[in-house]
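The values are calculated or read from the model by the stated rules, or taken from the named source; none is laboratory data. Not measured: the values here are computed from a predicted model. So basically every Cβ, Gly included, is an ideal-geometry build from the backbone, and we count neighbours across all protein chains shown. Surface areas here come from the heavy atoms of the whole protein model, side chains and all, with no ligands, DNA or RNA. Shrake-Rupley method; radii C 1.70, N 1.55, O 1.52, S 1.80 Å.
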Amino acid sequence: MNIGNRIKTLLAEKNMTQKMLAEQLNQSPVVITNMLKKKTLDTGKLEKIAKILNVPIIYFFEEDNNTDREHRELVGILEKQIKLLEEIAIAVKKH
């Protein structure tokens, strides 16, 4: 995933719009839209965006951020389903 897409993903997760980001960066929404289409950004802008979105700058360069998050979510869902199945098994044994 490129940096622009990572920023878009973070914006969605934090219920922020590109317009809101633009306001915090003192830029026009058009500038932000164009910036997010790029695969890379200069370090200064990236540092400001990381601060606004409350993530370390390394977040934009790490591999598989989405995959790791999705994996954790799936594990959580599976753990809940296992617990539910165990509860059903106990209930069936009682009857």
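Assorted remarks:
- Matching the structure-derived Cα Rg over 2.2 N^0.38 Å against the labelled list (i) 1.60; (ii) 0.98; (iii) 1.65 gives the label (i).
- Nonpolar atom fraction for the chain, defined as the carbon and sulfur part of the 1.4 Å probe accessible area, stands at 56 percent.
- Protection proxy ranking of 84-94, 46-56, 10-20 - average other beta-carbon atoms within 10 Å, highest first: 46-56, 10-20, 84-94
- Residue-wise HN-Hα coupling along segment 23-30, computed from phi with Karplus coefficients 6.51, -1.76, 1.60 (Hz; x: Gly, Pro): 4, 6, 9, 6, 10, 7, x, 5
- Positive-end extreme of charge dipole, the chain - chosen from ALA91, LEU11, THR43 (charges on Cβ): LEU11
- Solvent-accessible area per residue for the chain (1.4 angstrom probe, square angstrom): 75
- Couplings 3J(HN,Hα) of segment 45-56, computed from phi: 5, 5, 4, 5, 5, 4, 5, 4, 8, 6, 9, x Hz, in residue order, whole Hz [Karplus 6.51 cos²θ - 1.76 cosθ + 1.60, θ = phi - 60°; x for Gly and Pro].
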